[in-house]
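A short write-up of the structure that comes next.
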Amino acid sequence: MIKKQTILLGFFVLTFSLGCGRQDKSQSVFSSLKLEWELVTNFENSGEQFEAAFIFNNESQESLQNSGWKLFFNMAPRTIVGVADETLATITHINGDWYVLSPKEDFELKPGEQMRIIYKGVDGVIKESDAPMGLYFVTYDEKGEENEIIEVKEFSVKPFLTREQLLRGPEDHESPASPEKWYEENEGLSLLAKEELQTIIPTPVSLKKEGGLITLDDSWAIHFAEGLENEANQLKEKLENLFGLSIETRKGEREEKVVYLQQSPVRVEGKTEEAYELTVNEKEIHIKGTDAPGVFYGVHSLLALVEPEVYLKAGASVTLPRVQVRDVPRFGFRSLHLDVARNFQEKETVLRLLDLMAHYKLNHFLFYISEDEGWRLEIEGLPELTEIGAKRGHMSGMDATGLHPAYGSGPHPYAEGSHGSGYYTREDFIEILEYAKDRHITIIPELNFPAHARAVIKAMEARYERLMSDGDEAAANEFRLIDPEDESVYLSAQSFKDNVVSVARPSTYDFYDKVVSEISKMYEEAGLMLRKFHAGGDEVPEGSWTASPMAAELLSTLPDIDDPKNLQAYFFEKLLKRLEKYDLEIHVWEEMALLKREQGDYVPNPAFVGKNVIPYIWNNMFDYPDLGYQLANQGYEVVLCNVSNFYFDLAYNNDPKEPGLYWAGFVNTKNAWTFAPFDWFKTTFKTSMGREIDQVKEYADMERIKPGAMKNIIGVEAQLWSETIKGRDMVEYYTLPKLMGFAESAWAKERGWENISDFDRRISDIEKGWNKFANTVAQREFPKIGTWNGGYSYRIAPPGVKMAEGKVHANVNLPGLQIRYSLDGSLPDEKSPLYSAPLDHQEGIVFRVFDDLGNSSRAVDLER
């Protein structure tokens, strides 16, 4: 995601351009303000609070007075406790991650002066990506009416350097981020020779090397059997785009010097679906699959065999090892989720991601198109969904009909460099569907109800107001989503106060039906049938519907429901009946399959077992770490999305310059690779605060998966939520190389260490396997994905660095990467000296990691 170094630096400097408008006297003071933000400590009030400061520097020739303006900004949602001196200013949470700083009576900033507004909040802040962003001033006239919007010209975040800034508080068991820490984490790795590397990721069931290489050139042809023209064209296109080969492709028979694609029954380890066999020798390349997807995965295994030198040397011959491969996936459901609602991602980004998924043999894509912060798909007959729900900009308040800024999107919709506004047209979506179909990827759209629905609520309120003004009350109410008299008070997980639909309104179900119907039509236009749909259902905040007259009236007719929270189960049951006509498999987040008991805890709801309902399990760490096994044992088919392994939006580590979230800890490539689906307690090593878990003691009373229920774990999914992700390069940076580790957990057969009970022996086997995988990523995968589709923006980790006995030592987290250094404090480049042995310590040594293509990490020195 990062245009390697540059985008990270640009992201964290957080410099915003000045808004347009006339440069009059009233504006000049704002355009000459220099703002800074400083995290002071996360250890305030015995570690329960953080302390931070806005620093105003007035570089204009006039004073900034105590009225007529406010400063708006976004910040990772935190409860604000208060400002140290409220005679200077107050900071108020408006909604979501939107806040406002308002001056008070004692505020006056004269020319050349500086003022610190110190405030406190709840929950530690350890990332520069948590800092305020998207700052802008709004000026007001004497009547309090909004006058001008002025974007902040200069804003910076002071570096996080001290222990009190680097840790979340005294309960944080992680050690502070440092090059020394990374060195220690990398010490167990060792460089492997080329012949010791894994040949294909994900690992096939069986791969036999027969010695020697063959050369694939234009003298070869591609022949395909009936029904495999798409797979043949996919291979032809890759060979042409990547290597410049021009190979004849036609329907034909198996011959010498032909890549022959054949559909015929293949059975591997008792399974046939998606199974394939691949033979490569000097006479032929033969790919046989039970079905077209199997043939397709054989094609990608063939492409994975290409030696890395082919990508590194211009004009190199396309060489492949002579092999026999037999393969079948461990799980039939292998999925990646992408949130395009919180921050919009362009169509090109989605297509690139689908192509990457296909190569690593993933076959489902959860397309998260609706959220509080945005709706991203054109729906015929509901123009407000995109006119209102797809754009963010400054609003007069949370009750205004529109979406306020979020995640630094700024005050102006569709501003350059902003990711808050945007949507896919019907044509865009159909193109995405067709692109995925060609790669045997099923796209699952998600409309998340009853919570996470603010964007559609605002859009349908705009529709309501428009039609009421036209005098058409019946049409206005047709798709309205709220009880206008609802006075329920709640705060969602992302700090929204107004993001839950009314489950008592028939029009709520009408709206859902309308959207599903229109999406179904798009699938039909793409030559597909909509068969899987995700209904969301997570994080309905406590307090929802508690002061809704419509909900109260409904509850009076439902004597079996004694808690408004369980109206969620009522909603889902009614929605299922409404959607029966579409013959859909309904996927949901785990909460939709739960009931709240009188004592306040949650238990599986058996009502939806056997009704084509598939819960997705993310929680393997908090109140119910065995919830997935509970649901599977009750008969639900489930998808595992374990937060400690597969949440790609969680930061790689606790380095403040490493973007991402950390509410459940940190997730790196090794976490995604180290996963035991039928005993995930073995691969859950730390709490969210970094405390090491005693797996035997702490998980002793957890429910385990029953042998007969193992079949109910149908697959796995990785999640990419986009709160901190701005644009294509960041999508790819967060995804790669984590996706490779996930693909191994999704496709490859059970690893031997998954069944080792002894902790030390299990860890030893894990470390040995991980060393091989890490070497393969650096030496084989990076040259490939750094070339495919013009190159993906994968993460290259900074080096580990330590000083010992007067020497400076450095290492990498993926053996096979190179370390280069400078001695004068300058930024190392590809021509800098190559690190090969410890250096004599001196000031000014700077290290940087490079791959064989010249892509690089951030620079590191011991004095940072």
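The values are calculated or read from the model by the stated rules, or taken from the named source; none is laboratory data. From a predicted model like this one, the values you see are computed outputs, not experimental measurements. Neighbour counts are summed over all protein chains in view; Cβ atoms, including those assigned to glycine, are modelled from backbone coordinates with ideal geometry. With ligands, DNA and RNA removed, areas are computed over all heavy atoms of the protein, side chains included. Shrake-Rupley method; radii C 1.70, N 1.55, O 1.52, S 1.80 Å.
Worth pointing out:
- Selection of the stretch 275-290 for residues being in contact (Cβ under 8 Å) with a residue 60 or more places away in the chain and open to solvent by 10 Å² or more (accessible area, probe 1.4 Å) yields Asn281, Glu282.
- Residue match in the stretch 138-146 (condition: surrounded by 13 or more Cβ atoms within 10 Å (Cβ to Cβ) and under 32 Å from the mean Cα position of the chain (by Cα)): no
- Some residue of the stretch 369-376 being basic (Lys, Arg), in contact with a Phe, Trp or Tyr (Cβ under 7 Å, 6 or more places away or on another chain) and modelled with pLDDT of 95 or more: yes
- Selection within the stretch 667-698 - open to solvent by 60 Å² or more (accessible area, probe 1.4 Å) and in a helix (DSSP H, G or I): Val696, Lys697, Glu698
- Of all residues in the stretch 414-437, those satisfying the criterion of being surrounded by fewer than 16 Cβ atoms within 10 Å (Cβ to Cβ) and either touching a Lys or Arg at 6+ places or on another chain (Cβ under 7 Å) or not small (Gly, Ala, Ser) (or both) are Tyr414, Glu416, Thr425, Glu427, Glu434.
- Those residues of the stretch 251-278 which are in a strand (DSSP E or B) and closer than 8 Å to Val328 by Cα, in sequence order: Val268, Lys271, Tyr276
- Total residues in the stretch 448-477, condition touching a helix residue (DSSP H, G or I) at 6+ places or on another chain (Cβ under 6 Å) and either closer than 13 Å to Leu382 by Cβ or open to solvent by less than 10 Å² (accessible area, probe 1.4 Å) (or both): 8
- Flag for Asn712 being at positive phi and touching an Asp or Glu at 6+ places or on another chain (Cβ under 7 Å): no
- Pair list, Cβ < 8 Å and 6+ apart or interchain, from the stretch 812-831 residues that are at positive phi to residues that are open to solvent by less than 50 Å² (accessible area, probe 1.4 Å) and in a strand (DSSP E or B): Gly825/Val846
Quick grid of which residues meet (1) open to solvent by 10 Å² or more (accessible area, probe 1.4 Å); (2) aliphatic (A, V, I, L, M); (3) under 26 Å from Thr279 (Cα atoms):
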site: Tyr311; (1), (2), (3): yes, no, yes
site: Ser317; (1), (2), (3): yes, no, yes
site: Arg326; (1), (2), (3): yes, no, yes
site: Ser335; (1), (2), (3): no, no, no
site: Leu362; (1), (2), (3): no, yes, yes
site: Phe365; (1), (2), (3): no, no, no
site: Trp375; (1), (2), (3): no, no, no
site: Ile379; (1), (2), (3): no, yes, no
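- Selected residue (only one of Gly19, Gly96 is more than 30 Å from Tyr792 (Cα to Cα), in contact with a His (Cβ under 8 Å, 6 or more places away or on another chain), of a type in the set (Gly, Ala, Ser) and at pLDDT below 95): Gly19
- Scanning the stretch 841-864 for residues that are modelled with pLDDT of 95 or more and surrounded by fewer than 12 Cβ atoms within 10 Å (Cβ to Cβ) turns up just one, Gly854.
- Residues of the stretch 64-79 satisfying the condition of being modelled with pLDDT of 95 or more and open to solvent by less than 60 Å² (accessible area, probe 1.4 Å): Leu64, Asn66, Gly68, Trp69, Leu71, Phe72, Phe73, Asn74, Met75
- Scanning the stretch 745-779 for residues that are in contact with a helix residue (DSSP H, G or I) (Cβ under 8 Å, 6 or more places away or on another chain), among the small types (Gly, Ala, Ser) and buried (at least 17 other Cβ atoms within 10 Å of the Cβ) returns Ser745, Gly769, Ala774.
- Qualifying residue in the stretch 365-380 (condition: aliphatic (A, V, I, L, M), under 20 Å from the mean Cα position of the chain (by Cα) and part of a loop (DSSP other than H, G, I, E, B)): yes
- With respect to the conditions (1) part of a helix (DSSP H, G or I); (2) buried (at least 16 other Cβ atoms within 10 Å of the Cβ), Ala664 falls short on a single one, namely (1).
- Which numbered condition Pro293 fails, given (1) within 24 Å of Ile785 (Cα to Cα); (2) open to solvent by less than 20 Å² (accessible area, probe 1.4 Å); (3) not charged (D, E, K, R): (2)
- Just one of the numbered conditions (1) in contact with a His (Cβ under 8 Å, 6 or more places away or on another chain); (2) assigned to a helix (DSSP H, G or I) is not true of Arg463: (1).
- For Tyr794, the requirement of being part of a loop (DSSP other than H, G, I, E, B), open to solvent by less than 50 Å² (accessible area, probe 1.4 Å) and at pLDDT 95 or above is met.
- Subset of the stretch 699-742 [open to solvent by 10 Å² or more (accessible area, probe 1.4 Å), more than 30 Å from Gly96 (Cα to Cα) and in a helix (DSSP H, G or I)]: Pro707, Gly708, Met710, Lys711, Asn712
- Residue in the stretch 193-209 that is touching a residue at least 24 places away in the same chain (Cβ under 8 Å), open to solvent by 40 Å² or more (accessible area, probe 1.4 Å), part of a strand (DSSP E or B) and among the β-branched types (Val, Ile, Thr) present: no
- For Val501, the test of being within 20 Å of Tyr570 (Cβ to Cβ), in contact with a Ser or Thr (Cβ under 6 Å, 6 or more places away or on another chain) and not small (Gly, Ala, Ser) is passed.
- Filtered by the rule that a residue be within 10 Å of Phe224 (Cβ to Cβ) and either within 41 Å of the chain's Cα centre (by Cα) or open to solvent by 80 Å² or more (accessible area, probe 1.4 Å) (or both), the stretch 237-252 gives Thr249, Arg250, Lys251.
- Residues of the stretch 163-190 classified as out of contact with any helix residue (DSSP H, G or I) (no Cβ under 7 Å at 6 or more places or on another chain) and either within 16 Å of Thr776 (Cβ to Cβ) or open to solvent by less than 60 Å² (accessible area, probe 1.4 Å) (or both), total: 12
- Of the residues Asn755, Asn712, Asn671, Asn771, the single one that is among the polar types (S, T, N, Q) and within 26 Å of Arg342 (Cβ to Cβ) is Asn671.
- Selection count, the stretch 93-131, where residues are without any contact (Cβ under 8 Å) to a residue 60 or more places away in the chain, aromatic (Phe, Trp, Tyr) and either part of a strand (DSSP E or B) or open to solvent by 10 Å² or more (accessible area, probe 1.4 Å) (or both): 1
- Matching residues in the stretch 696-728 - criterion: being among the hydroxyl-bearing types (Ser, Thr, Tyr) and touching a His at 6+ places or on another chain (Cβ under 9 Å): Ser722
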